[in-house]
Amino acid sequence: MITLSSWHMKVLLLVLGLKWTSCFAKGVLVTIPLTAPRSAPTLSRSLVSFSLEQDRWVDWIGHGTRNPFFFNTLNNLKELTGEAPRIRVGANSEDHTNFDATVQFSESEFPVFTTTVPYPEATKNAIGNNYYHLASLLPPGTEVIFGVNFGQYNLTAAFLETTAIANAFASSTFKASGIKLEAIEIGNEADLYTNNGARNSSFNVQQYVSQWTMFAENVTATANHILGTKVPLQGAAFAGSSHTSTGFSLQGIFKNDILSSSAGSQIKLISQHHYSGSFCTGTIGILQNLMTKSSIRSNLAAFAPDITAVKQQGLTYVFGETNSYACHGSPGVSNTAGAALWGLDYALYASQLDITRLYFHHGIGYKYNFIQPATLTRSILDGSNLPQPLAPHIQPLYYAAIIAAEAIGSSGSTRAIELSVNNTQISGYAFFEGNTLMRAVFINLNAYTSGTRRSVHLTLNLAGSRKRPTFNIIKRLSIPTANATMGVTWGGQTYETQDGKVAGSPSTQMVPINTNGPSDNVFVHIDRDNVIALNSIGEGKEVIKPWNERLDEQEFIESDADDQLIIRIPFTGSVKLRCLLLKSGPGDQTPAQVALFTNADDLDFSDAVEKVPAQKFDVATGREVGEYALKPAKFPNVSSVTLFFPASQGAETTRIYYIGFLGQWSERKQEPVITVYESRANLADHEKIQGTEGNFSMPSQ
């Protein structure tokens, strides 16, 4: 991460061979605006939140007393953003839960585990009043969503659960801690009820809306009465979508007027579930496939019509359940350091699509967990017995939550944009507080699992008229390999500790921002006021810019009568040039070629066509600054250089934004003066002196 001082920017570099360069170097050019674009969305401080399988909620939160490991891992995030991650308790076992007043916390029945699913969900889950009261052990201020049973179509069960939920959150304990009931969710993945036997094969979206409304009227009447306020509902919670108004989709429930009832009017959030792949048949995923930049974007972009439909209703859209591979994750993929890079890019890109929050799903022993909050006796990979119990610990994905929290910060008004990075596996994001650039994150999504890692250099251009930072603070995520399951550090610190708290001394790098560019940039030695441009609209000096303005497109010159252009650039001394820097275009306004002539102060267009230049280049198209290596032997003692652009690449005019040079400057030595002293000169006695062509007068006697 890059943090921007006197004002400074923080750069988060996420990892596997990613390097930051702030001076002239070959690499990927990334432009970062100093001011937030109007379109930049505001990010929720709880963008990365957690969904917990309902059957083992007690193991997460603690059996009557707080689970300190789970609390600490949540509190770490709260300390970074000022807001605890939100918690949704529900999922598959939500529709297998029933209230039983004789049960203290919960009693569950589980099927036999398999190598594919070492820690299966409960088929029966009985809960008592104290079950919901345990939410008071969360970090103060946490907002919670609880799900109630809709799958078994038992209205009494939903009523009893709702009563217990509302009574818990109405208690003085919850009020004192600020822990709030964000919403109640009625049913989990009802669009799959025909597959799991919860409904018959004819069950459709019209029947769903009718049945859901009946349950919701009962749930809201009960909760509203106990809590003395209208309780929000989280609607849908579908596993998939037809993306149309027919079939199970958000468009379908809206068309069938789910919002028109009094209970429907209490829907404030719409939830969909999404996994990037599936391990349900035991087919192991490929880590690079999960991490691929284009796949992350295409997976999320598929939800664009659903998000639009929700926003048109004025509601909040969330991924109420999400993670890498369905059925608890893929071994050697979901539990690795590479998954942390995937998770971070996935969450940040989702924010750009107006997905307000992502609840990453968890269960005890699930492979894709950020956090393992309880002691495990079986392997999460295949269910085999462990040689010794495995204490609570974090998994690499947890660093995605930490880094996202640090990037978003605690202002409550942070906005972010995805940056344009011309690399298929590097993604970048800029973060603004108010309108001011404060942080940037860059993620290398190449899955290096062995061998030598290739470095990718980033050249950052800070664009805009706002005051520029003077240095960057760079913080790096260190990963042994993409398939590593431990040994990850963030800025030199680790969360792989017994108590889940951070340990180790922070390590960051402070890098001054070089506004002059490379040390041999000769900009300061150009006689800018005497730059001359022929056939130009605009003065030649407008394209002679300092290094930090080289990508600016506000100032430029353009050819006038046709597409030919000559620019003569004098120096204040003698220079030996090694490189021409040129930004031109765009598109067919880019010059086809550039020819360089040295010390040719009177060069005109006919001369430029006829004479042999010191060097000539074909000009590449693009919005970056082109680099053209000069032969030093051709440019040894240059007092001026003239650039001739003979034609554009198809346009009627040629446009130039920036010209610069790299080389060595030395002070120009005084030229010798030829002088002849005689008492009386006789012209017949002398040959003509070189350089004195023309008539002259004899001095008077």
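Relative contact order for segment 48-407: what percent, with Cα pairs under 8 Å and sequence separation of 6 or more?
18 percent
Which order do peptides 314-326, 406-418 fall in by mean Cβ count within 10 Å, highest first?
314-326, 406-418
Ranked by Cβ crowding within 10 angstrom, fewest neighbours first, how are CYS280, CYS579 ordered?
Taking fewest neighbouring Cβ atoms as first place, the list is CYS280, CYS579.
Roughly how many nanometres apart are two label points built 7 Å out from the Cα toward the Cβ at GLU107 and HIS63?
If labels sit at GLU107 and HIS63, their model points lie 1.5 nm apart.
When the chain is fully extended, how far beyond the present Cα-Cα distance does GLN207 get from SER242, taking 0.36 nm per residue of separation?
11.0 nm
Once fully extended, how much extra length lies between ALA221 and ILE532, figured as 0.36 nm per residue of separation less the alpha-carbon to alpha-carbon distance?
My answer for the length gained is 103.9 nm.
Go through ASN461, THR449, ILE403 and say which Cα lies farthest out towards the positive end of the charge dipole of segment 397-479; charges sit on Cβ, +1 for Lys and Arg, -1 for Asp and Glu.
The residue sitting most towards the positive pole is ASN461.
Can you give the charge dipole size of segment 523-666 about its Cα centre, rounded to the nearest 20 debye, using +1 on the beta carbon of Lys and Arg and -1 on the beta carbon of Asp and Glu?
820 debye
Among 500-507, 596-603, how do they line up from the highest to the lowest mean number of other beta-carbon atoms within 10 Å?
The peptides rank, most packed first, as 596-603, 500-507.
As a test, work out the antiparallel percent of DSSP beta bridges whose residues both lie in the chain, rounded to the nearest 5.
Looking only at bridges with both residues in the chain, the antiparallel portion is about 55 percent.
Could you pull out which residues in segment 447-478 have an amide N less than 17 Å from a spot 7 Å beyond the Cα of SER294, following the Cα-Cβ vector?
447
What is the sum of charges around ASP527, taking Lys and Arg as +1, Asp and Glu as -1, for the other residues whose C-beta is under 13 Å from the C-beta of ASP527?
+2
Report P(r) for segment 246-303: all Cα-Cα distances, bin width 10 Å, range 0 to the bin holding the largest distance, values in whole percent.
In whole percents, the pair-distance histogram is 17, 34, 25, 20, 5.
Rank the residues THR377, THR292 as a footprinting-exposure proxy: fewest other Cβ atoms within 10 Å of their Cβ go first.
Lowest count first: THR377, THR292.
List the residues of segment 561-585 whose backbone N lies under 12 Å from a point placed 7 Å from the Cα of GLU652 along the Cα-to-Cβ direction.
Inside the label zone: 561-563.
Run the helix sum for the chain: -39,500 (n - 2.57) per DSSP H stretch of 4+ residues, divided by residue count, reported at 222 nm to the nearest 500 deg cm²/dmol.
So the helix-based figure for the chain works out to -5500 deg cm²/dmol.
Which whole-number percent is the relative contact order of segment 523-666 (Cα, under 8 Å, 6+ apart)?
So the answer I get is 38 percent.
Quote to one decimal, in nm, the extra length available between THR494 and ASP588 on full extension: 0.36 nm per residue of separation minus the C-alpha distance between them.
Extending this stretch completely gives an extra 28.7 nm.
Each label point is 7 Å from the Cα along the Cα-to-Cβ direction; what then is the distance between the points at THR470 and THR621, in nm?
4.3 nm
Please quote Rg/Rh for segment 48-407 to two decimal places, taking the Kirkwood radius as Rh and restricting both calculations to Cα atoms.
Ratio of gyration radius to Kirkwood radius for segment 48-407: 0.93.
Provide the FRET efficiency to the nearest 0.05 for the ASN167-GLN554 pair, computing r from the beta carbons and using R0 = 56 Å.
The calculated FRET efficiency here is 0.30.
Out of GLN493, GLY660, ALA304, whose Cα points farthest toward the positive end of the dipole of the chain (charges: +1 Lys, Arg; -1 Asp, Glu; placed on Cβ)?
Of the listed residues, the answer is GLN493.
Got a sec? Charge dipole of segment 48-407, +1 on Cβ for Lys and Arg, -1 for Asp and Glu; which of VAL89, GLN388, SER324 is way out at the positive end?
Checking the options against the dipole of segment 48-407, the answer is SER324.
As a quick test, which of the pairs LYS180/LYS501; LYS611/LYS631; LYS311/LYS367; LYS124/LYS293; LYS475/LYS541 have an alpha carbon distance above 28 angstrom in this structure?
LYS311/LYS367; LYS124/LYS293; LYS475/LYS541
If you rank LYS268, LYS634, LYS475, LYS541 by fewest surrounding Cβ atoms within 10 Å, what's the result?
Taking fewest neighbouring Cβ atoms as first place, the list is LYS634, LYS268, LYS541, LYS475.
Of the listed values (1) 133, 54, 47; (2) 97, 63, 60; (3) 100, 75, 65, identify the label whose number matches Cα extents along the principal axes in Å calculated from this model.
Structure-derived value, by its label: (1).
In debye, nearest 20: dipole of the chain around its Cα centre with unit charges on the Cβ of K, R (+) and D, E (-)?
Value, rounded to 20: 1340 debye.
Please find the FRET efficiency linking ARG578 to SER411, where r is the Cβ-Cβ separation and R0 is fixed at 60 Å, and quote it to the nearest 0.05.
Efficiency for this residue pair is about 0.85.
Place the peptides 244-253, 367-376 in order of packing, highest mean first, counting for every residue the other Cβ atoms within 10 Å and averaging per peptide.
With the highest mean Cβ count within 10 Å placed first, the list reads 367-376, 244-253.
If I model a spin label as a point 7 Å beyond the Cα along the Cα-Cβ vector, how far apart are those points for LYS230 and MET510 in nm?
For the pair LYS230/MET510, the computed spacing is 5.3 nm.
Relative to a virtual label point 7 Å from the Cα of GLU539 in the Cα→beta-carbon direction, which members of segment 545-585 show backbone nitrogen distances below 16 Å?
Backbone N within reach: 545-546, 555-558, 568-570.
We did not get these values from a lab; they are worked out from the coordinates using the rules stated. The shown structure was predicted, so the numbers you read here are calculated from the model rather than taken from an experiment. Heads up, the Cβs are rebuilt from the backbone with ideal geometry, glycines too, and the neighbour counts pull from every protein chain shown.
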